[in-house]
Each structure stands twice: as C-alpha cells, then as structure tokens.
Amino acid sequence: MNPNFLWLPLIAAGALALSGCSTVRGAGIGAAVGAGAAAVTDHDVKDGAVIGAGVGAVAGTVAD
C-alpha cells in the first residue's frame, strides 16, 4: 500500500468538519481534493493538499 494514502482519511475528516466561511470551506475541500489527486498520481500528498487549499480558498472567496 502506498504510504501517501494514509493521509487521506485525516484530510477528508478535516474537510468535512469545516463549516465556516466560504474561504475556509473552499480551502478544506481543495485540500482534500488536492491530496486525493496527489495520492492517486503517486505525488507528495502534503504538497497536493497545500496547492489544493490555496486554489480552494481562492475559489471560495470568489464564490462568496
């Protein structure tokens, strides 16, 4: 089993627990999606989560 997949439940739980403003919610969802995409493509999950959080935060701010 790829050790990168071990981060996914933790990141997913954090994303689902967020209920704040759209920026924070977007960052959480983006982090989960980025981490999942990174794990599937065998890249660094933490880097994927950071990039996804940034993109999600911007998307949440624009949508709000």
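The values are calculated or read from the model by the stated rules, or taken from the named source; none is laboratory data. Since we're looking at a predicted model, the values are computed, not measured. Reconstructed Cβ throughout: ideal geometry from the backbone, glycine too, with neighbour counts over all protein chains shown.
Details
- Of everything in the range 17-26 that is in contact (Cβ under 8 Å) with a residue 24 or more places away in the chain and not basic (Lys, Arg), the residue that is surrounded by the fewest Cβ atoms within 10 Å (Cβ to Cβ) is CYS21.
- Residue within the range 27-40 that is surrounded by fewer than 18 Cβ atoms within 10 Å (Cβ to Cβ), touching a residue at least 24 places away in the same chain (Cβ under 8 Å), over 12 Å from LEU8 (Cα atoms) and among the hydrophobic types (A, V, I, L, M, F, W, C) present: no
- Subset of the range 42-64 that is buried (at least 18 other Cβ atoms within 10 Å of the Cβ) and more than 19 Å from PRO9 (Cα to Cα) - its residue that is modelled with the highest pLDDT: ALA57
- Inter-residue pairs, beta-carbon under 8 Å, first under 10 Å from ALA35 (Cβ atoms) and in the range 47-64, second aromatic (Phe, Trp, Tyr) and in a helix (DSSP H, G or I), 6+ apart: ALA49/TRP7
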